[in-house]
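Undergrad: Here you go, one structure.
The values are calculated or read from the model by the stated rules, or taken from the named source; none is laboratory data. Because the structure is a prediction, the values reported are computed rather than measured. Don't worry about glycine lacking a Cβ; one is built from the backbone with ideal geometry, like all the others, and counts go over all protein chains shown.
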Amino acid sequence: MKQPVVKKQRTLAAETWRRFKKNKLALTGMIVILTLVVIALSTMVIDFVTDKAIYNDYVIKQNLRMRLQGPSREHIFGLDEFGRDIFMRMIWAVRYSLFMGTIAIALSTILGGLLGAVAGYYGKISDNIIMRFMDVLLAIPSMLLATAIVAALGTSLTNVLIAIAISYVPTYARTVRASVLTIKDQEFIEAARAMGASDVRIIFKYILPNSMAPLIVQATLGVAGAILSIAGLSFLGLGIQPPTPEWGSMLSSARAYIREGWHITVIPGLGIMITILSLNVMGDGLRDALDPRLKN
Amino acid sequence: MQNPDDILSIEDLTIHYETDEGSVHALNEVSLAMKRGETLGLVGETGAGKTTLARGILRLVPSPPGVIKQGSVFFEGQDLLSLSESKMRSIRGSRISMIFQDPMTSLNPVMTVGEQIQEVVEAHNRDLRQDEIIRQANAMLEMVGIPAERSHEYPHQFSGGMKQRVIIAIALACNPVLLIADEPTTALDVTIQAQVLDMITALKKRLNTAMLLITHDLGVVAQNCDRVAIMYAGQIIELGNLDDIFKRPTHPYTRGLLGSIPSLTKDVKRLSPIKGLMPDPTDLPPGCKFAPRCRFVTEACERAMPEPTHLSETHQVRCILAEAEVRNG
Amino acid sequence: MGKYIIRRLIMMIPVLLGVTFIVFFIMSLTPGDPAAIILGDQASAEALEMKRIELGLDKPLLVRYATYMGNLFQGDLGLSYRNQIPVASQVWDKFPNTAILAISGILVALIIGIPIGILSAKKQYTVMDNTSMVFSLVGVSMPNFWLGLLLSLLFALKLGWLPSQGMGRGFIGLLRSLVLPALTLGTGAAATVVRMTRSSMLEVIRQDYISTARAKGITEKQITKKHMLKNALIPIVTAVGLQFGLLLGGAMLTETIFSWPGLGRLMVDSITSKDIPMVLGSVIFMAVMFSFVNLLVDILYAFLDPRIKSQYSKKVVRRRRGVVV
């Protein structure tokens with residue numbers, strides 16, 4: 001029983017990649033995201049190797065005499081309100097948006113996925129309890145929920161992560177529950193049950209792997225949403241705090257100097273937009289590739 | 001070729017679907033004529049081009065990807081393919097009507113059935129008063145056996161067979177000269193199929209409407225049709241009246257089709273299905289399209305597509321063997 | 001229809017109770033002593049203790065929640081920690097401003113989104129379709145607070161055409177001051193509505209009943225209006241309802257950028273000054289607003305889709321398929 005499932009997945013992945021490759025826009029999006037991942041990892045390695053020397057000298061250190069200088073040959077994105085190189089800050093900020101967004105969504109995918117799987121698989125009372133709770137969470141606009149959580153717990157990296165993760169849990173619970181419901185009654189599940197497989201084994205070995213496709217798509221698009229939420233919270237002063245470089249908080253502090261230099265407002269926003277745009281086209285491409293019937 | 005008795009005369013109609021995977025040759029130089037009031041059965045496997053032909057007559061082939069490459073469709077003396085869109089609209093639903101395959105999805109779920117019948121009456125009778133439109137629509141409902149009170153109900157409140165009756169009412173509301181019915185009963189329960197078909201046949205006789213009945217069920221053809229056209233890979237490969245086709249099938253494909261139905265009267269040990277599949281419509285063989293599956297295939301078959309051969313006044317076939325037979329007397 | 005609305009209203013009660021409880025619970029996690037926030041650092045230990053008892057902080061969470069809800073039904077949301085004015089009156093004061101902004105945002109989204117979505121679907125794969133798809137992708141991906149900054153940079157600071165701070169007086173003044181915030185709030189939603197409308201229309205265009213309509217010989221305009229749009233609107237309505245939730249979140253950011261005196265800004269300011277009752281009051285109020293919008297969407301949904309409507313009307317006896325022919 002196990003063999004064909006595994007084999008089917010491999011061909012599904014290969015088939016998906018074949019279709020994904022044809023979508024030039026989605027492919028471009030993926031390349032941008034991979035580049036950003038490489039950038040984020042490199043800055044982390046640099047920080048580790050140089051013991052944050054470069055970070056302290058080029059990302060954090062202020063140079064008030066040069067403040068708000070426009071883009072030039074030495075500083076292609078110009079300097080910010082404290083005379084720091086915006087290009088360097090943009091580069092060092094990638095990790096916060098990208099990795100925090102990813103971690104937050106990973107957390108909510110795991111938690112939501114488990115809740116959804118249990119609700120869908122066991123049905124009845126557990127389904128009712130879990131899903132009514134999810135309905136309640138969904139009834140609070142997610143940005144509002146995240147803001148309330150951060151307001152209560154205080155602004156720290158972990159709290160922002162928790163806030164964003166919780167506000168996305170219901171979405172994933174719903175997605176997984178829906179696909180579990182369609183898979184649960186299929187014959188290979190019946191067969192596994194007839195062979196005496198335990199519920200846990202059935203959920204992890206058969207049901208979850210087969211409900212991955214919609215989850216992956218949802219998660220890709222979710223990371224985009226999470227990055228926007230993190231940037232939004234930081235913009236409100238409730239997320240990552242200065243002087244740590246983060247796109248949203250860079251925009252927040254740029255606001256006061258909007259009259260004095262356009263570049264400090266335009267560039268961090270462009271960074272966010274390009275990242276979100278890439279994730280969106282990648283997610284759309286992935287969805288079309290995974291389920292060509294959905295494509296228009 | 002054009003006969004004054006014919007209400008419909010299709011000549012060399014060729015329709016392709018241009019897709020990313022290549023050009024699908026759905027219809028290849030099809031010629032066909034119909035007389036007033038007759039029922040012509042159009043038979044073929046799924047993908048043979050029956051629906052494309054039906055939609056092509058009404059110029060309802062979805063475009064893109066559908067492209068009408070060449071040919072003409074003469075109806076009541078004018079070529080439909082060269083009409084303006086607004087002229088064509090005045091023919092659709094009024095002179096030529098069409099019934100689609102699946103009654104479950106062919107009615108608009110957010111309009112009452114009454115409104116959907118009234119719509120077609122109104123479109124072709126601009127000067128009619130509202131109450132007169134409603135009266136006519138209700139009369140149509142009654143004619144297909146549905147009480148007029150139900151005109152205020154929505155499609156989801158009707159069963160499949162009832163929905164198909166509503167669709168028939170829409171199709172016949174303006175008393176058309178030609179009715180195209182694309183597998184009107186395939187999606188229905190077997191017990192209801194016969195009822196619905198009987199009703200269509202009775203109504204078309206009463207209104208003297210010609211009908212192009214698309215089906216893959218030869219039993220349906222035998223019971224309802226005057227003539228039969230057999231389609232294969234976008235071409236009509238044999239055409240004749242009921243006797244021609246059922247008693248003197250000539251094309252190997254037609255014979256194969258008849259050989260694959262169980263018979264009650266003859267004692268046949270085994271049914272003989274046709275081996276193989278229909279050719280890929282993006283990559284049709286250059287010669288006879290049936291050649292790869294034909295038991296009697298010769299080298300000549302693969303070279304060029306045989307032209308239609310007239311075996312009698314009513315019977316024609318596209319096959320080299322028949323051609324040779326006729327030539328040799 | 002009346003029965004359906006009543007049913008939905010009853011179903012809303014447990015959701016609202018859950019929402020208020022969750023928000024109440026979250027806010028109760030706030031570290032720090034509210035008594036100290038109110039009385040300041042110099043207060044004596046006894047005074048602090050008195051204040052705590054007065055606020056009911058010595059009681060368990062559920063009791064405090066019950067008290068809060070009891071007061072809420074009497075229109076009392078407690079007193080602000082910061083300036084001791086009633087939270088309810090503050091929230092009621094700001095609510096219309098947020099409502100004006102949110103409704104304008106939705107209008108922007110619908111007025112831009114639906115026509116472009118329809119055109120895009122009807123002319124699929126043309127230059128017009130591709131252009132609108134690119135713009136909507138960019139619109140979906142653009143953080144609205146950045147768009148707000150760019151708009152005020154261009155139209156307020158560089159060109160000086162429109163105000164970028166506060167709410168204008170008089171109808172014209174209000175309208176002028178509303179343009180930039182409404183655009184900021186509505187653009188992202190508009191982009192989503194374009195995409196939703198397009199895909200919903202494309203789905204409908206493929207349906208068999210559109211072929212039936214074409215075969216009737218009615219005009220393309222009538223087909224679009226009577227057959228496509230009415231069906232396509234059903235999923236769009238749901239999407240717009242969901243957008244409203246995002247919009248309320250966006251309102252916090254938009255109101256902050258444009259100094260718009262609404263609930264969102266009240267909430268952000270209250271978070272900064274640790275004014276918990278005010279935060280609690282404004283979050284609960286916005287969540288309730290969202291629930292009512294969802295109710296409205298459900299009712300509209302039933303109104304558009306006869307399949308749902310008839311489930312709740314007495315007149316119709318449902319017939320089983322295949323029994324009656």
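Undergrad: In the stretch B:110-160, which residues are part of a helix (DSSP H, G or I), free of Cβ contacts under 8 Å to residues at least 40 places away in the same chain, within 26 Å of residue B:190 (Cβ to Cβ) and within 14 Å of chain C (Cβ to nearest Cβ)?
TA: Passing the criteria: B:150, B:157.
Undergrad: Right, here's the next one. If you take just the helices (runs of 4 or more DSSP H) that sit entirely in the stretch A:206-296, which of them hold at least 3 residues that are in contact (Cβ under 8 Å) with a residue 40 or more places away in the chain and more than 30 Å from residue C:272 (Cβ to Cβ)? Break it down stepwise before answering.
TA: Details: elements: A:212-235, A:247-254, A:263-290.
The helices (runs of 4 or more DSSP H) meeting that bar are A:212-235, A:263-290.
Undergrad: On to the next question. Just wondering, is there one or more residues in the stretch A:88-103 that are part of a helix (DSSP H, G or I) and farther than 27 Å from residue A:243 by Cβ? Give the derivation first.
TA: If we filter the stretch A:88-103 for residues that are part of a helix (DSSP H, G or I), which is where we start, we get A:88-103.
Subset that is farther than 27 Å from residue A:243 by Cβ: none.
For the stretch A:88-103, residues part of a helix (DSSP H, G or I) and farther than 27 Å from residue A:243 by Cβ: absent.
Undergrad: OK, next. Any idea how many residues of the stretch A:138-154 are more than 7 Å from chain C (Cβ to nearest Cβ) and under 15 Å from residue A:173 (Cβ atoms)?
TA: Qualifying residue count, the stretch A:138-154: 2.
Undergrad: Let me ask something additional. Among what's in the stretch B:51-70 and is more than 13 Å from chain C (Cβ to nearest Cβ) and at pLDDT below 90, pick the residue that is farthest from residue B:235 (Cα to Cα).
TA: Of everything passing the filter in the stretch B:51-70, B:67 is farthest from residue B:235 (Cα to Cα).
Undergrad: Hey, another quick one. In the stretch B:11-24, is there at least one residue being at pLDDT 90 or above and surrounded by fewer than 17 Cβ atoms within 10 Å (Cβ to Cβ)?
TA: Yes, some residue in the stretch B:11-24 is at pLDDT 90 or above and surrounded by fewer than 17 Cβ atoms within 10 Å (Cβ to Cβ).
Undergrad: Please go through the stretch C:72-99 and pick out each residue that is within 20 Å of residue C:36 (Cβ to Cβ) and in a helix (DSSP H, G or I). Outline the logic, then answer.
TA: Kept after step one, since they are within 20 Å of residue C:36 (Cβ to Cβ), are these residues of the stretch C:72-99: C:78-85, C:87.
If the condition is that a residue be within 20 Å of residue C:36 (Cβ to Cβ) and in a helix (DSSP H, G or I), then C:87 is the only one that fits.
Undergrad: I've got another one for you. Go through the residues of the stretch C:20-32 one by one and say whether even a single one is hydrophobic (A, V, I, L, M, F, W, C), closer than 30 Å to residue C:186 by Cβ, under 26 Å from the mean Cα position of the chain (by Cα) and more than 14 Å from chain A (Cβ to nearest Cβ).
TA: no
Undergrad: So for the stretch C:132-148 (the condition being under 24 Å from the mean Cα position of the chain (by Cα) and more than 14 Å from chain A (Cβ to nearest Cβ)), does at least one residue qualify? Walk me through it before giving the result.
TA: In the first step, residues of the stretch C:132-148 are kept if they are under 24 Å from the mean Cα position of the chain (by Cα); the result is C:135-148.
Checking which are more than 14 Å from chain A (Cβ to nearest Cβ) leaves us with none.
For the stretch C:132-148, residues under 24 Å from the mean Cα position of the chain (by Cα) and more than 14 Å from chain A (Cβ to nearest Cβ): absent.
Undergrad: Next up: Check the stretch C:1-24 and report whether any residue there is of a type outside the set (Asp, Glu), at pLDDT below 80 and not in a helix (DSSP H, G or I).
TA: Within the stretch C:1-24, one or more residues are of a type outside the set (Asp, Glu), at pLDDT below 80 and not in a helix (DSSP H, G or I).
Undergrad: Hey, another quick one. Residue check: is residue A:179 polar (S, T, N, Q) and touching a residue at least 60 places away in the same chain (Cβ under 8 Å)? Walk me through how you get there before you give the answer.
TA: Working: polar (S, T, N, Q): yes; touching a residue at least 60 places away in the same chain (Cβ under 8 Å): no.
Judged against the criteria, residue A:179 is not a match.
Undergrad: May I pose another question? Looking at A:125, A:103, which is the one that is more than 19 Å from the chain's Cα centre (by Cα) and away from chain C (no Cβ under 13 Å)? Reasoning before the result, please.
TA: Details: A:103 fails: more than 19 Å from the chain's Cα centre (by Cα).
After applying the criteria, what remains is A:125.
Undergrad: On to the next question. So how many residues does the stretch C:35-71 have that are assigned to a helix (DSSP H, G or I) and either of a type in the set (S, T, N, Q) or within 19 Å of residue C:266 (Cα to Cα) (or both)?
TA: First pass over the stretch C:35-71, keeping only residues assigned to a helix (DSSP H, G or I): C:35-39, C:45-55, C:61-71.
Next, from what is left, pick out any that are either of a type in the set (S, T, N, Q) or within 19 Å of residue C:266 (Cα to Cα) (or both): C:37-38, C:67, C:71.
The total comes to 4.
Undergrad: Any idea which of A:169, A:180 is buried (at least 19 other Cβ atoms within 10 Å of the Cβ) and within 18 Å of residue A:123 (Cβ to Cβ)? Quick ask: steps written out before the conclusion?
TA: On the way: A:169 fails: within 18 Å of residue A:123 (Cβ to Cβ).
Criteria check complete, one pass: A:180.
Undergrad: Please enumerate the residues belonging to the stretch B:175-196 that are of a type outside the set (S, T, N, Q), facing chain C (nearest Cβ under 10 Å) and under 20 Å from the mean Cα position of the chain (by Cα). Please lay out each step first, then the result.
TA: Keep residues of the stretch B:175-196 that are of a type outside the set (S, T, N, Q), which gives B:176-184, B:187-190, B:192, B:194, B:196.
Still in the running and facing chain C (nearest Cβ under 10 Å): B:180, B:182, B:188-189, B:192, B:196.
B:180, B:182, B:188, B:196 - these are the residues of the stretch B:175-196 that are of a type outside the set (S, T, N, Q), facing chain C (nearest Cβ under 10 Å) and under 20 Å from the mean Cα position of the chain (by Cα).
Undergrad: Follow-up. Within the stretch A:248-268, can one find any residue that is hydrophobic (A, V, I, L, M, F, W, C), within 11 Å of another protein chain (Cβ to nearest Cβ) and farther than 20 Å from residue A:71 by Cα?
TA: Looking for residues that are hydrophobic (A, V, I, L, M, F, W, C), within 11 Å of another protein chain (Cβ to nearest Cβ) and farther than 20 Å from residue A:71 by Cα, one finds none in the stretch A:248-268, hence no.
Undergrad: Do you know which residues across the stretch A:42-58 are assigned to a helix (DSSP H, G or I) and free of Cβ contacts under 8 Å to residues at least 40 places away in the same chain?
TA: Here is the first cut: in the stretch A:42-58, the ones assigned to a helix (DSSP H, G or I) are A:42-49, A:53-58.
Residues satisfying the conditions are A:42, A:45, A:46, A:47, A:48, A:49, A:53, A:54, A:55, A:56, A:57, A:58.
Undergrad: Same structure, new question: Collect the residues in the stretch B:89-109 that are out of contact with any strand residue (DSSP E or B) (no Cβ under 9 Å at 6 or more places or on another chain) and either within 8 Å of chain C (Cβ to nearest Cβ) or closer than 13 Å to residue B:171 by Cα (or both), keeping them in residue-number order.
TA: Step one: list which residues in the stretch B:89-109 are out of contact with any strand residue (DSSP E or B) (no Cβ under 9 Å at 6 or more places or on another chain), which gives B:89-90, B:93-94, B:102-105, B:107-109.
B:89, B:90, B:93, B:94, B:102, B:103, B:105, B:107, B:108, B:109, listed by residue number.
Undergrad: Continuing with the same structure: If you go through the stretch A:232-247 one residue at a time, how many are within 20 Å of the chain's Cα centre (by Cα), more than 16 Å from residue A:144 (Cβ to Cβ) and at the interface with another protein chain (Cβ under 9 Å from one of its Cβ atoms)?
TA: 1
Here's the yes/no breakdown for (1) in contact with a Ser or Thr (Cβ under 9 Å, 6 or more places away or on another chain); (2) crowded, with 19+ Cβ neighbours inside 10 Å; (3) under 20 Å from residue A:272 (Cβ atoms):
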| residue | (1), (2), (3) |
| --- | --- |
| A:58 | no, no, no |
| A:64 | no, no, no |
| A:69 | no, no, no |
| A:74 | no, no, no |
| A:78 | yes, yes, yes |
| A:82 | yes, no, no |
| A:87 | no, no, yes |
| A:94 | yes, yes, yes |
| A:103 | no, no, yes |
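Undergrad: When you go through (1) closer than 30 Å to residue A:54 by Cβ; (2) surrounded by fewer than 22 Cβ atoms within 10 Å (Cβ to Cβ); (3) not hydroxyl-bearing (Ser, Thr, Tyr) one by one for residue A:216, which number turns out not to apply?
TA: Evaluating residue A:216 over (1) closer than 30 Å to residue A:54 by Cβ; (2) surrounded by fewer than 22 Cβ atoms within 10 Å (Cβ to Cβ); (3) not hydroxyl-bearing (Ser, Thr, Tyr) leaves (1) as the failure.
Undergrad: Next question, about the same structure. Looking for something facing chain A (nearest Cβ under 8 Å) and over 13 Å from the mean Cα position of the chain (by Cα) - is there at least one such residue anywhere in the stretch C:279-294? Before the answer, list the steps.
TA: Here is the first cut: in the stretch C:279-294, the residues facing chain A (nearest Cβ under 8 Å) are C:279, C:283, C:286-287, C:290-291, C:294.
The next check asks that each one be over 13 Å from the mean Cα position of the chain (by Cα); those that pass are C:279.
Yes, the conditions are met somewhere in the stretch C:279-294.
Undergrad: Can you confirm whether the stretch B:33-42 contains a residue that is surrounded by fewer than 22 Cβ atoms within 10 Å (Cβ to Cβ) and touching a Gly at 6+ places or on another chain (Cβ under 9 Å)?
TA: No, the conditions are met nowhere in the stretch B:33-42.
Undergrad: Could you please give the count of residues in the stretch B:299-323 that are without any contact (Cβ under 8 Å) to a residue 24 or more places away in the chain and either part of a helix (DSSP H, G or I) or surrounded by 14 or more Cβ atoms within 10 Å (Cβ to Cβ) (or both)? Talk me through it step by step, then tell me what you get.
TA: Residues of the stretch B:299-323 that are without any contact (Cβ under 8 Å) to a residue 24 or more places away in the chain, as a first pass: B:299-304, B:306-307, B:309-310, B:313, B:323.
Still in the running and either part of a helix (DSSP H, G or I) or surrounded by 14 or more Cβ atoms within 10 Å (Cβ to Cβ) (or both): B:299-303, B:306, B:309, B:323.
The number of residues fulfilling the criteria is 8.
Undergrad: Here is a follow-up. Within the stretch B:25-40, is even one residue under 30 Å from residue B:205 (Cα atoms) and among the acidic types (Asp, Glu)?
TA: There is at least one residue in the stretch B:25-40 that is under 30 Å from residue B:205 (Cα atoms) and among the acidic types (Asp, Glu).
Undergrad: If a residue has to be buried (at least 17 other Cβ atoms within 10 Å of the Cβ) and farther than 17 Å from residue C:281 by Cβ to count, how many in the stretch C:14-35 make the cut?
TA: The number of residues fulfilling the criteria is 3.
Undergrad: Restricting the search to the stretch A:94-112, which residues are small (Gly, Ala, Ser) and modelled with pLDDT of 90 or more? Working first, answer last.
TA: Taking the stretch A:94-112 first, the residues small (Gly, Ala, Ser) are A:97, A:101, A:104, A:106, A:108, A:112.
Result: A:101, A:104, A:106, A:108, A:112.
Undergrad: Moving on to the next point. So which helices (runs of 4 or more DSSP H) are wholly in the stretch C:165-275 and hold at least 3 residues that are more than 11 Å from every other protein chain (Cβ to nearest Cβ)? If you could, list the steps in order and put the result at the bottom.
TA: Details: elements: C:170-205, C:208-215, C:230-257, C:263-272.
Here the list reads C:170-205, C:230-257.
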